[in-house]
Amino acid sequence: MRLLSALAAVVALALVLPHAARAADPPGPVMLAQGWNFAHDHADEGLADNWQGGLRGTGWEPVTVPHVAEVSTDPSVFYGSIGWYRISFTGPQTPEGLGWALRFESVRRIARVWLNGRELGDPHTDPYTPFERAATGLRPGQPNTLVVRVDYRRDEKLREGWWNWGGITRQVSLVARGPVVMHDAGLLPRRVCVESTCAWNVLVDGWLENRSESVQQPAVAVRLQSPDGEVSEGVEQPRALRPGERVRVRFAVPIRGKPKLWSPEHPDRYAGTISTRAGDRVVQVDQRNIGLRTVDVSNGMLRLNDRVLDLRGASIQEDVPGRGPAMTDADIETTVDELKALGANVTRAHYLLDPRLLERFDQEGILVWSQAPVYHRDDLLKTPRQRSHELNVVRKTILAARNHPSVITHSVANELTTKPDEQRYSRVWMVNAAQLARDLDPTLPVSIDILSYPNIPRQTTYDAFDMLGINSYYGWYEGKPDQSVADIDDLAPYLRATREKYPGKALVITEFGAEASEPGPADVKQTYAFQTQYLKRNLDIIDRLGFMGGAIYWTAREFAVKPAWDGGAQIPRHKRDAFHRKGLISYDGKIKPAFNAAKEAFEATPLYRDDPAAVARAELSGRGSFILRALLFLGVFGFVGAVLAFDVWCLRDIWRAWRPRSEGQVVELPTRRVA
């Protein structure tokens, strides 16, 4: 069967490639960054006044996208408003048979899009994931007007641990699209072992959609080039698609030659090209730079390429003074440089990171604990509609992150209920989210980040996950009356108890931190000395517990969170502001003393540690060897002793026979049978 499948793929490739070679590839993306204008619509009058037509409205000001509607952290703007963006541009030339789509990497919070006065699709409601809209009505070579209405009003019931930034916060581009569109193309590396023989392949995964008005015969071809120039290819030709039909495509491309693995110390990547065809024409080309690596949990330890990881790093928020999450390329580099200066081998965020950041982490070998922004949502998960929405958030987060080799896990949520077994809706949602994550990316462990309250019974819901991220603030926050976390000395017992409850799961501290904004003694919260001591105490505890997979400090740099933020130090209200002060770097870029303490500890901790299972086997083997040697010694000693005893016995009898006896006494030597 495998031989027939391989022959079919070769025949299909031979039939398709000659035709594809005669047609030019579709044009590349066209970035839309300059030429934008922005206007506030605090009274929400724009729709009624036809601002979407692109000619009306007041207060328009020139801006560059990415952009935030409000750069202020004044409490009066926290709950958001409405803003409008518009840009006029000359439509790019469109090859015959192709069209264009508008791609937005992120719009916070709700986006409605019009092109030349025509609304494109439904509103997009996920603030942190990319989306596309077919650029219906685009006029090639002529002026076009694009208008985006951004509603960044925040529900007061919504829990998010960061500032309510609004706007087109990431890049916008035009991308070429044909009659058949490949959605969310993924290249997922896998090592497949049968008995003692292993081989690498790349799982190709995506969805083909026929957007034309006629039946289309699609095909998907993949080309992978290793860092050494070795080329691997594969092709899949599904059945013909009727107009509007959508089908999932999934097939494997074997890796030729010796695999070149990606790792933090050697971040080598394969250049992947995914060519989508309609008939004999290439209608879409997607580029993916991927890394061959294995990430798995075995015997309760997180492993990269079969080596046990010992993570040390700090989380990040996309928040820059004066720009919020609307980061420039220079801001991206600053973020990477700060993590490298800290000696971090891992980072984390509460939402999907900017693709430019993920690309740089791939290049630099900085690991990423990727997470969907499902945060304190138990009340919202009680309705079927909201459960479906949050599952879609998980889905889109994973689809956008799964091609990056730096991503080592997909965390589906953060700080939901501590007792999901007792809350049916949350439990069902968690299990469904874990199943969805495994389906979308079967190559990575699935995780969930939890609160670290003590005395919580074992939750069977967590059986659905490979890893637990533990958000620990023992010794900082007080906790609940019957579940205190006020004493940091209770952290180690809590972690040991968690290990006993979930022995097969990898455990990583995904959050710990202390606010610091002023000098003072080490026993007073909010001081730099307290923060430094707190960081050292936590890392010392984690270092002593051999089953822990690492620690990620919260956060590398300060960020805006919400008005009158306290952060656990119980400072007077008149001294509070909107900034989360647990960062090791201040919001304006000043290094705190705890930064250097973290740097020293991180750099002193190797990325890989001894495998506890291997150490245990070696110790067991050593004990077994000692016992064997002891038994052998005793056996030899006993044998020699037995021989000597036998000889003494025989000599005694001979002596008795030889020595003189009294007259008339007859002495006989006994007859002995020696086996």
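The values are calculated or read from the model by the stated rules, or taken from the named source; none is laboratory data. Since the model is a prediction, treat every value here as computed from it, not as a measurement. Cβ: placed from backbone, ideal geometry, glycine included. Neighbour counts: every protein chain shown.
In table form, for the structure just shown:
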{"quantity": "Residue match in segment 223-233 (condition: in contact (Cβ under 8 Å) with a residue 24 or more places away in the chain, part of a loop (DSSP other than H, G, I, E, B) and under 30 Å from Gly97 (Cα atoms))", "calculated": "no"}
{"quantity": "Filter result for the condition that a residue is among the charged types (D, E, K, R), exposed (fewer than 15 other Cβ atoms within 10 Å of the Cβ) and modelled with pLDDT of 95 or more, over Arg427, Arg496", "calculated": "Arg496"}
{"quantity": "Scope segment 355-372; condition in contact with a Pro (Cβ under 8 Å, 6 or more places away or on another chain) and buried (at least 19 other Cβ atoms within 10 Å of the Cβ); matching residues", "calculated": "Asp362, Gly365, Ile366, Leu367"}
{"quantity": "Of the criteria (1) assigned to a strand (DSSP E or B); (2) modelled with pLDDT of 95 or more, which one Cys193 fails", "calculated": "(2)"}
{"quantity": "Filter pass, Ala516 being touching a residue at least 24 places away in the same chain (Cβ under 8 Å) and out of contact with any strand residue (DSSP E or B) (no Cβ under 7 Å at 6 or more places or on another chain)", "calculated": "no"}
{"quantity": "Odd one out for Ala69 among (1) within 30 Å of Val374 (Cβ to Cβ); (2) loosely packed, with under 15 Cβ neighbours inside 10 Å", "calculated": "(2)"}
{"quantity": "Wholly within segment 263-338, strands (runs of 3 or more DSSP E) carrying at least 1 residues that are hydroxyl-bearing (Ser, Thr, Tyr) and in contact (Cβ under 8 Å) with a residue 40 or more places away in the chain", "calculated": "270-278, 295-298"}
{"quantity": "Residue match in segment 46-65 (condition: of a type in the set (Lys, Arg) and free of Cβ contacts under 8 Å to residues at least 60 places away in the same chain)", "calculated": "yes"}
{"quantity": "Output for segment 310-323, where each listed residue is in contact with a Pro (Cβ under 9 Å, 6 or more places away or on another chain) and at positive phi", "calculated": "none"}
{"quantity": "Filter result (in a loop (DSSP other than H, G, I, E, B), of a type outside the set (A, V, I, L, M, F, W, C), more than 27 Å from the chain's Cα centre (by Cα) and at pLDDT 95 or above) within segment 124-164", "calculated": "Thr136, Gly137, Arg139, Gly141, Gln142, Arg153"}
{"quantity": "Exclusive hit being within 24 Å of Tyr587 (Cα to Cα), of a type outside the set (Asp, Glu), out of contact with any Pro (no Cβ under 9 Å at 6 or more places or on another chain) and not in a loop (DSSP other than H, G, I, E, B), set Thr510, Thr498", "calculated": "Thr510"}
{"quantity": "Qualifying residue in segment 243-254 (condition: part of a loop (DSSP other than H, G, I, E, B) and touching a residue at least 40 places away in the same chain (Cβ under 8 Å))", "calculated": "no"}
{"quantity": "Some residue of segment 23-39 being more than 34 Å from the chain's Cα centre (by Cα) and at pLDDT below 95", "calculated": "yes"}
{"quantity": "Filter result for the condition that a residue is in the same structural domain as Asn345 (by TED's automatic domain parsing), surrounded by 18 or more Cβ atoms within 10 Å (Cβ to Cβ), without any contact (Cβ under 8 Å) to a residue 24 or more places away in the chain and of a type outside the set (Lys, Arg), over Thr527, Thr532, Thr510, Thr555", "calculated": "Thr527"}
{"quantity": "Count of residues meeting criterion [over 15 Å from His410 (Cβ atoms), among the β-branched types (Val, Ile, Thr) and part of a loop (DSSP other than H, G, I, E, B)] in segment 436-462", "calculated": "1"}
{"quantity": "Close pairs from segment 366-381: first farther than 18 Å from Tyr553 by Cα, partner aromatic (Phe, Trp, Tyr) and surrounded by fewer than 23 Cβ atoms within 10 Å (Cβ to Cβ), Cβ under 6 Å, at least 6 apart", "calculated": "Leu381/Tyr425"}
{"quantity": "Hey, Val77 farther than 24 Å from Ala135 by Cβ and of a type in the set (Val, Ile, Thr) or not", "calculated": "yes"}
{"quantity": "Close pairs from segment 191-217: first farther than 14 Å from Phe251 by Cα, partner among the basic types (Lys, Arg), Cβ under 8 Å, at least 6 apart", "calculated": "Cys198/Arg191; Ala199/Arg191; Glu209/Arg246; Asn210/Arg242; Asn210/Arg246; Arg211/Arg177; Val215/Arg242"}
{"quantity": "Search result, residues across segment 297-326 that are β-branched (Val, Ile, Thr), under 15 Å from the mean Cα position of the chain (by Cα) and more than 13 Å from Arg557 (Cα to Cα)", "calculated": "Val297"}
{"quantity": "The one condition in (1) surrounded by fewer than 19 Cβ atoms within 10 Å (Cβ to Cβ); (2) more than 24 Å from the chain's Cα centre (by Cα) that Lys599 fails to fulfil", "calculated": "(2)"}
{"quantity": "Tally of residues being of a type outside the set (Val, Ile, Thr) and more than 19 Å from the chain's Cα centre (by Cα) across segment 269-295", "calculated": "12"}
{"quantity": "Pairs with Cβ under 7 Å, 6+ apart, first in segment 478-507 and in the same structural domain as Asn455 (by TED's automatic domain parsing), second in a helix (DSSP H, G or I) and basic (Lys, Arg)", "calculated": "Ile488/Arg537; Leu507/Arg499"}
{"quantity": "Residues that are closer than 23 Å to Thr328 by Cα, of a type in the set (D, E, K, R) and part of a loop (DSSP other than H, G, I, E, B), drawn from segment 39-73", "calculated": "Glu70"}
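One line per residue, one yes/no per condition, for (1) aliphatic (A, V, I, L, M); (2) touching a Lys or Arg at 6+ places or on another chain (Cβ under 7 Å):
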{"residue": "Leu491", "(1), (2)": "yes, no"}
{"residue": "Gly504", "(1), (2)": "no, no"}
{"residue": "Glu511", "(1), (2)": "no, no"}
{"residue": "Tyr528", "(1), (2)": "no, yes"}
{"residue": "Lys536", "(1), (2)": "no, no"}
{"residue": "Arg557", "(1), (2)": "no, no"}
{"residue": "Pro593", "(1), (2)": "no, no"}
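Residue by residue, here is whether (1) in the same structural domain as Trp162 (by TED's automatic domain parsing); (2) touching a Lys or Arg at 6+ places or on another chain (Cβ under 8 Å); (3) crowded, with 17+ Cβ neighbours inside 10 Å holds:
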site: Val77; (1), (2), (3): yes, no, yes
site: Trp84; (1), (2), (3): yes, yes, yes
site: Ser88; (1), (2), (3): yes, no, no
site: Leu120; (1), (2), (3): yes, yes, yes
site: Asn144; (1), (2), (3): yes, no, yes
